[in-house]
Amino acid sequence: MWTCPKCKRQFKNRNQSHSCGDFTINQVFEKFSPEIFELFSILHKMVKSFGDMKIRAVKNGVMFSANTTFLALKPHSKYLSVEFACGKAYDEFPIEKCVQISKNEFAHILRIENENEIDQQFIDWLKEAYQFNKQFKK
């Protein structure tokens, strides 16, 4: 693990590209609608229930880490972008994109526009991402 000397964030790769800064969750969401913040709040509460993790606001979203980052929630004007990483590749709806990022890890991107899109399959994917990333050493 590598720790950025400026912002103290930890990464798997040395000198990993990122934007340093000290942001709050409110700052991340201040330019977006209350509906987007409400979607974030629902997911934030749900994901925190999975177990120990670090939650950090960055310039364009909120990162959730269990030893490594397993989830990023990024606000947009009409939706909340959800990016999660786990050990399996999923390509079914509502996943828009799945990319292999290492030998055993896949990044997934999807959008949610309303609370009804947070179904059991969606929750299971996020739990799987949490468990998968928990196995990596700090």
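Read the figures in this text as sums done on the coordinates, not as results from a lab. This structure is a prediction, so every number in the text was calculated from the model and none was measured. Cβ atoms come from the backbone with ideal geometry, glycine included; neighbour counts cover every protein chain shown.
Phe93 to Lys134: FRET efficiency via 1/(1 + (r/R0)^6), r the Cβ-Cβ distance, R0 22 Å, to the nearest 0.05?
On the way: r = 27 Å, r/R0 = 1.23.
It comes to 0.20.
Considering Cα pairs under 8 angstrom that are at least six residues apart, work out the relative contact order of the chain and quote it in whole percent. Walk me through the intermediate numbers first.
Details: 232 pairs, mean separation 27.9, N = 138.
Dividing the mean separation by the residue count of the chain yields 20 percent.
Along Cα→Cβ, 7 Å out, is where each label goes; now give me the distance between the ones at Cys4 and His76 in nm to one decimal.
A separation of 2.3 nm, rounded to one decimal place.
GNM, the chain, Cα, under 10 Å: largest mean-square fluctuation among Arg111, Arg14, Arg56?
Arg14
Spin-label point model (7 Å from Cα, Cβ direction): what's the Asp22 to His44 distance in nm?
1.9 nm
Sort 30-40, 70-80 by packing, meaning the average of other beta carbons within 10 Å per residue, with the highest value first.
Descending mean neighbour count gives 70-80, 30-40.
Quick check: residue separation of Asp119 and Glu35 times 0.36 nm, minus the Cα distance between them. What number comes out in nm? Don't skip to the answer; put the middle values down first.
Working: separation 84, 0.36 × 84 = 30.24 nm, distance 1.77 nm.
Gain in length upon complete extension: 28.5 nm.
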